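The next block holds one structure in the form of structure tokens; read it before the comments.
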Amino acid sequence: MRLNICEIFYSLQGESTFTGLPCIFIRLSGCNLNCSWCDTIYAQDESESMSIDQILQHVQQFNCNLVEITGGEPLLQDATPVLINKLIENKFKVLLETNGSQSIEYLHPGCIKIIDIKCPSSNESNSFLTPNIDHLSLHDEIKFVVGSKKDYKFAKKIIETRLTNIQPANIHLSPVFGSIDPSILSAWILEDNLCARLSLQQHKVIWDPDKRGV
Ligand code: SF4
């Protein structure tokens with residue numbers, strides 16, 4: 001089986017509860033959404049076909065057992081669940097970042113899903129596949145990228161009504177980089193005593209925000 005790969009690189013995790021840890025990123029090509037603030041538009045077009053064995057050999061070159069599969073939208077490719085299984089079989093800890101529009105039901109239970117539920121300012125807030133909530137495990141994480149007060153209220157409502165079985169530490173509110181000041185989002189969270197974590201995109205603080213491969 002083969003996958004369309006945009007890039008594979010080694011860097012520090014910039015988001016999620018794994019922030020700051022060395023991690024290998026496998027970015028798959030193609031996406032079904034068109035978020036207004038997308039920072040990986042290049043993943044729509046750039047693509048190299050690789051077999052699962054080639055991908056495994058590539059990631060085994062790094063001295064690291066944490067792998068994140070991201071995109072684009074990784075679950076658009078039929079071979080992605082097979083890649084996840086192969087990596088787990090080979091003792092990697094696997095994170096999968098997905099936009100939540102595709103079913104996560106049959107993924108390997110050891111895979112840690114990080115689901116980005118799109119808020120209104122993305123223009124894709126109808127994309128989330130609601131039954132995915134029923135297939136979340138205790139170790140999975142939810143992210144909302146917040147660009148406005150409307151986005152915050154949208155996220156708050158879902159957190160308080162639908163995500164009551166998710167650990168608060170695994171629910172992330174992340175400001176749209178360069179669009180909303182983190183202090184404003186922090187104030188809203190504190191004002192409401194909202195059980196969620198403020199998450200900054202650490203890689204954009206450390207490196208040039210437009211730099212790729214980090
Ligand atoms: S889902 Fe991700 S990759 Fe796709 S358009 Fe939105 S931000 Fe970009």
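Just so you know, all these numbers are worked out from the coordinates, no wet-lab data involved. Computed from a predicted structure; not experimentally measured. Every residue, glycine as well, gets a Cβ built from its backbone with ideal geometry; the counts of neighbours run over all protein chains shown.
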**OP:** Taking the chain as the reference, fit the longest principal axis to its C-alpha atoms, fit the long axis of helix 149-161 to the helix C-alpha atoms, and give the angle between the two in degrees, 0 to 90, nearest 10.
**Re:** 80 degrees
**OP:** Taking the Cβ of Lys93 as the centre, find all other residues whose Cβ is under 15 Å away and add up their charges (Lys, Arg: +1; Asp, Glu: -1).
**Re:** -2
Original post:
Kirkwood Rh, Cα Rg: Rg to Rh for the chain?
Top reply: 0.94
**OP:** Fewest Cβ neighbours within 10 Å first, please rank Met1, Met50 accordingly.
**Re:** Met1, Met50
Subject >> Candidate aspartates and glutamates - alpha carbon under 16 Å from Lys113, same-chain residues fewer than 8 apart omitted >> reply: Glu15, Glu68, Glu73, Glu97, Glu105, Asp134, Asp140, Glu141
Subject >> Links that overshoot a 21 Å alpha carbon limit, given the list Lys143/Lys204; Lys153/Lys211; Lys91/Lys143; Lys86/Lys211; Lys118/Lys149 >> reply: Lys153/Lys211; Lys91/Lys143; Lys86/Lys211
Original post:
Over segment 1-143, what relative contact order in percent results from Cα pairs under 8 Å that are six or more residues apart?
Top reply: 22 percent
**OP:** Take peptides 92-99, 202-209 and line them up by average Cβ neighbours within 10 Å, highest first, as a rough protection proxy.
**Re:** 92-99, 202-209
Original post:
So if we plug the beta-carbon distance of Tyr42 and Met1 into 1/(1 + (r/R0)^6) with R0 = 22 Å, what FRET efficiency do we get, rounded to 0.05?
Top reply: 0.35
Original post:
How far apart, in nm, are the 7 Å Cα→Cβ label points at Asn193 and Lys211?
Top reply: 4.1 nm
**OP:** Would you compute, from DSSP H runs of 4+ residues alone, the mean residue ellipticity of the chain at 222 nm, taking -39500 (n - 2.57) per run and dividing by the full residue count, rounded to the nearest 500?
**Re:** -6500 deg cm²/dmol
Original post:
Which net charge results when you count Lys and Arg as +1 and Asp and Glu as -1 among the other residues whose beta-carbon is under 13 Å from that of Ser29?
Top reply: -3
Original post:
Using alpha carbons only, how many degrees (0 to 90, rounded to 10) separate the axis of helix 80-89 from the longest principal axis of the chain?
Top reply: 70 degrees
**OP:** Please report, in debye to the nearest 20, how large the charge dipole of the chain is about its Cα centre when each Lys and Arg carries +1 at its beta carbon and each Asp and Glu carries -1 there.
**Re:** 360 debye
**OP:** Report the Cys residues of the chain lacking a disulfide-compatible partner, meaning no second Cys Cβ under 4.7 Å from their Cβ.
**Re:** Cys6, Cys23, Cys31, Cys64, Cys111, Cys119, Cys195
**OP:** Find how many whole Å separate the alpha carbon centroid of segment 127-194 from the alpha carbon centroid of segment 24-54.
**Re:** 24 Å
**OP:** Compute the FRET efficiency between Asp134 and Leu56 as 1/(1 + (r/R0)^6), taking r as their Cβ-Cβ distance and R0 = 41 Å, and round to the nearest 0.05.
**Re:** 0.85
